[in-house]
1. For Arg44, Arg116, write out the residues from largest to smallest accessible area, computed with a 1.4 angstrom probe and no ligands counted.
2. Sort His105, His41 by accessible area with a 1.4 Å probe, largest first.
3. Sum up the charges of everything whose Cβ sits under 14 Å from the Cβ of Glu63, counting Lys and Arg as +1 and Asp and Glu as -1, but leave Glu63 out.
4. Using a 1.4 Å probe, how large is the accessible area of Arg67, given in Å² and rounded to the nearest 10?
5. So how much accessible area does Lys144 have, in Å² to the nearest 10, using a 1.4 Å probe?
6. Full-extension gain between Arg51 and Ala146, please, as 0.36 nm times their residue separation minus the C-alpha to C-alpha distance.
7. Sort Cys86, Cys94 by heavy-atom solvent-accessible area, probe 1.4 angstrom, most to least.
8. What's log10 of I(q)/I(0) for region 62-124 at q = 0.14, 0.26 Å⁻¹, Debye sum over Cα points only, no solvent?
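The values are calculated or read from the model by the stated rules, or taken from the named source; none is laboratory data. Bear in mind that the values here come from a model prediction, so they are computed numbers and not experimental data. Neighbour counts are summed over all protein chains in view; Cβ atoms, including those assigned to glycine, are modelled from backbone coordinates with ideal geometry. Just the protein is used for accessible areas: all its heavy atoms, side chains included, with ligands, DNA and RNA removed. Shrake-Rupley method; radii C 1.70, N 1.55, O 1.52, S 1.80 Å.
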Amino acid sequence: MSTTASSRSELHNRQQQQQQRSEPMSPGALSTKTIRSFNRHAQRQLAEEQRLAMLENFDMEVEDKIRSMRTQLESDKMDLRLKAECEIAQLPRCVREMPLKTFMHEYGGDVTAAVRGMLRMEDEESSVLASLPEAPLAIRMRRKKAALNQKNQ
């Protein structure tokens, strides 16, 4: 009897093995080790996808920031150029037309000294111009007043 019981047991084991081979494995049939390995792989895959998405997003943000900074730089350059042109336009014509080298070497960059040097007035009217302030706009206003006073006298 023991041979029949053992043969029945072997037959039962073989049938179970064949059944397991022919049937697809259900998630419940997977070992916990296999499930953990699958979960780790899925987490790594998800983490890699998230990392790539974050890098792509970061690159887009950097490109956008660079583009906006370049736009701001161009705007600032135009503003600076306009301000410089306005400042130069306020200088007296004789100083504007003077070579920069002459203005710097002979007059030390002093607008008042350059105006005095260019006008070279020797009579009493030059005393009005001798007290010219540093501001170019004030220089022009005093020159106009002096010219009007000369015409009226």
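1. Values: Arg44 150, Arg116 115 Å².
Sorted by accessible area, descending: Arg44, Arg116.
2. My answer, sorted largest first, is His105, His41.
3. -1
4. That residue has around 140 Å² of solvent-accessible surface.
5. Approximately 140 Å² of Lys144 is accessible to the 1.4 Å probe.
6. Details: separation 95, 0.36 × 95 = 34.20 nm, distance 7.58 nm.
Taking 0.36 nm per residue and subtracting the Cα distance, the gain is 26.6 nm.
7. Cys86, Cys94
8. -0.58, -1.04
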